[in-house]
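**Q** Have a look at this one.
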């Protein structure tokens, strides 16, 4: 009987190491700025009176992402309360716009939106690429399930 030869050594693919390291690193400064700028621009548009659905969608997505980061413990305390407070301010402004046609925001709503944009920029500084992707996928999955089933659960949807 022939002796079994020694198994060849398998060297890990260097690309897999690169992918793993990229998931653990923080978002690039350019990524942080572009994502935060989009939200800040939407807030500025709302303040100036442009209440179109794409602008509201950016705000709703940001609030839902902040809530997802809270569930993932990226935001340590108060994420649910903060998300509820922000969502109530956004829904109040949106409902008032639908009912009265007024594009004006109240000072407290403006303050809440500005605070949300600042908080979003701060969260983006500490979140890793993997955490951002996971939160984004959770929000997308929950949104798709809510639209499919008709029950919204823990996520708020933009209704047109």
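The values are calculated or read from the model by the stated rules, or taken from the named source; none is laboratory data. This structure is a prediction, so every number in the text was calculated from the model and none was measured. When we count neighbours, we look across all protein chains shown, and the Cβ atoms used for this are built from the backbone with ideal geometry, even at glycine.
**Q** Considering every residue within segment 2-17, establish whether at least one is modelled with pLDDT of 85 or more and assigned to a helix (DSSP H, G or I).
**A** The answer is no; no qualifying residue exists.
**Q** Using the structure shown, decide if residue 78 is surrounded by fewer than 17 Cβ atoms within 10 Å (Cβ to Cβ), farther than 22 Å from residue 30 by Cβ and without any contact (Cβ under 8 Å) to a residue 60 or more places away in the chain.
**A** So residue 78 passes the test.
**Q** So which of 83, 70, 92 ends up being surrounded by 14 or more Cβ atoms within 10 Å (Cβ to Cβ), without any contact (Cβ under 8 Å) to a residue 40 or more places away in the chain, in a helix (DSSP H, G or I) and over 16 Å from the mean Cα position of the chain (by Cα)?
**A** Working: 83 fails: over 16 Å from the mean Cα position of the chain (by Cα); 70 fails: over 16 Å from the mean Cα position of the chain (by Cα).
On inspection, the qualifying residue turns out to be 92.
**Q** Among the candidates 108, 104, which residue alone is farther than 24 Å from residue 25 by Cβ, surrounded by fewer than 17 Cβ atoms within 10 Å (Cβ to Cβ) and touching a helix residue (DSSP H, G or I) at 6+ places or on another chain (Cβ under 8 Å)? Don't jump to the end; show me each part of the working.
**A** Values: 104 fails: touching a helix residue (DSSP H, G or I) at 6+ places or on another chain (Cβ under 8 Å).
Just one listed residue meets the conditions, 108.
**Q** Something else: Do you know which of the residues in segment 103-118 that are in a helix (DSSP H, G or I) and closer than 13 Å to residue 88 by Cβ is nearest to the chain's Cα centre (by Cα)?
**A** 116
**Q** Also: Being under 29 Å from residue 29 (Cβ atoms), out of contact with any strand residue (DSSP E or B) (no Cβ under 8 Å at 6 or more places or on another chain), modelled with pLDDT of 85 or more and surrounded by 18 or more Cβ atoms within 10 Å (Cβ to Cβ) narrows it down to one of 132, 115, so name that one. Show your work before the answer.
**A** On the way: 115 fails: surrounded by 18 or more Cβ atoms within 10 Å (Cβ to Cβ).
None of the others qualify; the one that does is 132.
**Q** Further question on the same structure: Looking at segment 31-58, which of its residues are in contact (Cβ under 8 Å) with a residue 40 or more places away in the chain, part of a helix (DSSP H, G or I) and either in contact with a strand residue (DSSP E or B) (Cβ under 7 Å, 6 or more places away or on another chain) or closer than 17 Å to residue 107 by Cβ (or both)?
**A** Hits for segment 31-58 are 43, 46, 47.
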